[in-house]
Each structure stands twice: as structure tokens, then as C-alpha cells.
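The values are calculated or read from the model by the stated rules, or taken from the named source; none is laboratory data. All values reported here derive from a predicted model rather than from experimental measurement. Counting neighbours? That spans all protein chains shown, and the Cβs are built from the backbone with ideal geometry, glycine included. These accessible areas exclude ligands, DNA and RNA; they are computed on the full protein's heavy atoms, side chains included. Shrake-Rupley method; radii C 1.70, N 1.55, O 1.52, S 1.80 Å.
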Amino acid sequence: MKMAKSLQVYSNPEAQVGFHPDAGASYYLSRLPGYLGKCNKILLISRFLCGNMLVREYLALTGGKLNGVEMIACGLATHYSLKERLPWMEERLGKLITDDPLVIESSLAQYGDLVYPDTTSVLHKFEKIDKCFSQDTVEEIIEALEREAAESHDEWCNTVLNKIKAASPLSLKVALKSIREGRFQPLDQCLVREYRISVNWVSKKVSDDFCEGVRARLVDKDFAPKWGPARLEEVTTDMVDCFFIPLDELEPELNLATAIREPSM
């Protein structure tokens, strides 16, 4: 159960900083709705969950933002509440003497609100997102967006293209591979892989993009990072694969106490 609230903003801007979606992002992003055969109108709020790839690749590669209502619509949250109700909800949860998920869910639902994405929501672009971001590679995603922009004259396509092209080429390819591997792995394996990728970014074994991205966006704030490699075609498969290989003896792997975790995790 995940609560979204009014004024909340969700984003995965890591590729724009020369990093990768971490902290379990490859697990929960990869499980956003996809290839759904039937839609439960009560649970889905609207038609937005009926697309295929929907927003998972879009969020990972563009750093696009979702508000609380959009988080509900695409499955990143299970409940939504206006900020004015939060104190009542906190009080209610604080009085519970059980960890029964059904009781907790019922308590959250008492203070929840039924909401719908507004007409300007990116989720109204779900057909374009599905069409473009279901491609196999970053290069093919960009080509699909460029074709869509030329055919539809939709300025949204150009905005998305600019976001992708501003990101680290290496980060884009690592992020796409990580998100897609996460579809077939439980949370603990996703966290181990993400830790592996993070260590390799910080160690600068392949690229200095993470430090350069932090410099350009957070330190100097010139927003003009000099990525290396600078172009997608310069990023080789071997360079991407280096981020996913097991760590050496100098840096131990992430060891999680999975034996005592809930089976669903």
C-alpha cells in the first residue's frame, strides 16, 4: 500500500544527472502496468492502465514528473488523499494495534479521495508513450519519437526528445537495461543489481558522467554537462555490461537479510 497526496511530485531524474534509477526503482518501475488484457474500471480510475509499456521506460529515460493523481492512475500509489486529511489519517493509523494489511487498507480508504488526471496530464499521451517507448533500444526510442513528432506535429514529442538528448548517453542505456532486467527479478535481486551499478558509477571505471552531472546541475549549475561518451553511438555494449558484472573482492556485494523478509518481497 502506497499513499499519494496532493502537491506530491514523483520523478526519476537520474539519467539527467549521469546516474541510474536506484533505491528499488528498477523493481517498482518495471512493474507499472503493461500488456493488460482486461481493465477493472473500479480500480483503474480511467482507461490509463490499458496501455502496454505505458510510463515505466518514459519515466526512467526522461525524468518526467508525475503528480499524486497520476501516481494513482499508473499504479505507483494505491491511495490518494488531500493534504487536509493527512492529520486524521495519521491519527487513525497511529491507533491501530495490528499489522493486518486489510485493516490498514481499510483505514487508508476511509480518508481517501477519488481523483482523475486532468486534461493536461501526460497520461493522456499513453498511446504515444506506448508506441515509442516499447522499442528495443534507446536509439530506436528516439527514432520513434522523431517519427511521431514529424507525423503528428505534437510539441510534446519534441519536449520529450530534448529531455532524452540532454541526458547522459551512457546513463540512458544503463537505465533501460536495468529497468528491463528488473521485470523478471524480485526486489532483493533488483537492489543488489542497483548497488552494483551505483558502485561502478562512483568508481569511475567506465565514465565520469555522474560527477560531471552533479557538477553541471547541482554545483556550478551551468546545466551544460560534458558527457563521456558524448553520443549514443559511442556507447558500446561492453561499456554498459561493465555496470552489471559482480563486484570484485575489494568491494563486497550487497548482502540482504532476505530470509526474514515477507515472501512478497
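Within the range 174-184, the residues that satisfy the criterion of being over 10 Å from Pro21 (Cα atoms) and surrounded by fewer than 24 Cβ atoms within 10 Å (Cβ to Cβ) are Lys177, Arg180, Glu181, Arg183, Phe184. Filtered by the rule that a residue be open to solvent by 80 Å² or more (accessible area, probe 1.4 Å) and farther than 21 Å from Leu176 by Cα, the range 117-164 gives Asp118, Thr119, Thr120, Glu151, His153, Glu155. Among the residues of the range 63-104, the ones that are more than 30 Å from Ala175 (Cα to Cα), in a helix (DSSP H, G or I) and either under 28 Å from the mean Cα position of the chain (by Cα) or not small (Gly, Ala, Ser) (or both) come to 15 in all. The single condition from (1) surrounded by 15 or more Cβ atoms within 10 Å (Cβ to Cβ); (2) of a type outside the set (D, E, K, R); (3) under 25 Å from Ser11 (Cβ atoms) that Phe244 fails is (1).
Please indicate, with yes or no, whether at least one residue in the range 5-16 is outside any strand (DSSP E or B) and modelled with pLDDT under 70. Among the residues of the range 5-16, at least one is outside any strand (DSSP E or B) and modelled with pLDDT under 70, which makes the answer yes. Scanning the range 212-228 for residues that are part of a loop (DSSP other than H, G, I, E, B) and either modelled with pLDDT of 90 or more or open to solvent by 40 Å² or more (accessible area, probe 1.4 Å) (or both) turns up Asp220, Lys221, Asp222, Phe223, Ala224, Pro225, Lys226, Trp227.
Residues in the range 161-200 that are outside any helix (DSSP H, G or I) and either of a type in the set (A, V, I, L, M, F, W, C) or over 15 Å from the mean Cα position of the chain (by Cα) (or both): how many? First the steps, then the outcome.
Our first condition is that a residue be outside any helix (DSSP H, G or I); within the range 161-200, this holds for 167-168, 183-186.
The next check asks that each one be either of a type in the set (A, V, I, L, M, F, W, C) or over 15 Å from the mean Cα position of the chain (by Cα) (or both); those that pass are 167-168, 184-186.
Matching residues across the range 161-200 total 5.
One residue alone among Glu234, Glu194 is at pLDDT 90 or above, open to solvent by 30 Å² or more (accessible area, probe 1.4 Å) and charged (D, E, K, R), and that residue is Glu234. Would you confirm whether or not the range 89-104 contains a residue that is open to solvent by 20 Å² or more (accessible area, probe 1.4 Å), in contact with a helix residue (DSSP H, G or I) (Cβ under 8 Å, 6 or more places away or on another chain) and touching a residue at least 40 places away in the same chain (Cβ under 8 Å)? Within the range 89-104, one or more residues are open to solvent by 20 Å² or more (accessible area, probe 1.4 Å), in contact with a helix residue (DSSP H, G or I) (Cβ under 8 Å, 6 or more places away or on another chain) and touching a residue at least 40 places away in the same chain (Cβ under 8 Å).
Note on the range 138-160: residues that are under 19 Å from Glu234 (Cα atoms) and under 17 Å from the mean Cα position of the chain (by Cα) amount to 2.
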